[in-house]
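This is the structure I want to talk about, given as structure tokens.
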């Protein structure tokens, strides 16, 4: 009987501790990005990463002074983007794009993506929908 009691006690303890562990690092829009800092940048796609919980577009942006900066543009989850017409090959490396989004609160070269304009003038919506995020257009 003591062995069963110990196993039961250990099981209850582990279940209780699992609830105390931090959950994944998912965040609300307003915790990461500033809706009062819209940004429009133009550059060349380095790569696109379809991963949960958010996809990312990495791009090189040339500043007015000629410096090249790498930017990370956060988009919605891959499944949400697929429903909007995206696929893993929508933005091949070397594609020139324009991104309208919202700047990161921490000042890093990151933004939440919104409208992505392709070289032919067509647009894809990359926005995340979540707490504090602007409504999709």
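The values are calculated or read from the model by the stated rules, or taken from the named source; none is laboratory data. Everything numeric here is computed off the predicted structure, so don't read it as measured data. In this analysis, Cβ positions are derived from the backbone assuming ideal geometry, glycine residues included, and neighbour counts consider all displayed protein chains.
Hey, can you tell me all the residues within region 58-74 that are surrounded by 11 or more Cβ atoms within 10 Å (Cβ to Cβ) and either farther than 12 Å from residue 127 by Cα or touching a helix residue (DSSP H, G or I) at 6+ places or on another chain (Cβ under 6 Å) (or both)?
Matches in region 58-74: 58, 59, 60, 61, 62, 69, 70, 71, 72.
How many residues does region 90-114 hold that are surrounded by 13 or more Cβ atoms within 10 Å (Cβ to Cβ) and either closer than 24 Å to residue 32 by Cα or under 17 Å from the mean Cα position of the chain (by Cα) (or both)?
Looking only at that region, the number is 17.
Follow-up question, since we're still on this one. Residue 31 - would you say it is at pLDDT 85 or above and either in contact with a helix residue (DSSP H, G or I) (Cβ under 6 Å, 6 or more places away or on another chain) or surrounded by 11 or more Cβ atoms within 10 Å (Cβ to Cβ) (or both)?
It is false that residue 31 is at pLDDT 85 or above and either in contact with a helix residue (DSSP H, G or I) (Cβ under 6 Å, 6 or more places away or on another chain) or surrounded by 11 or more Cβ atoms within 10 Å (Cβ to Cβ) (or both).
Also: Going residue by residue through region 81-89, is there one that turns out to be in a strand (DSSP E or B) and either at pLDDT 95 or above or surrounded by 12 or more Cβ atoms within 10 Å (Cβ to Cβ) (or both)?
no
Let me ask you something else. For residue 64, indicate whether it is closer than 21 Å to residue 31 by Cβ and not in a strand (DSSP E or B).
Values: closer than 21 Å to residue 31 by Cβ: no; not in a strand (DSSP E or B): yes.
Answer is no for this residue.
Starting from region 49-74, take each residue that is at negative phi and without any contact (Cβ under 8 Å) to a residue 12 or more places away in the chain and list its partners that are assigned to a loop (DSSP other than H, G, I, E, B) and buried (at least 16 other Cβ atoms within 10 Å of the Cβ), counting only C-beta distances under 7 angstrom and pairs at least six apart or across chains.
49/55
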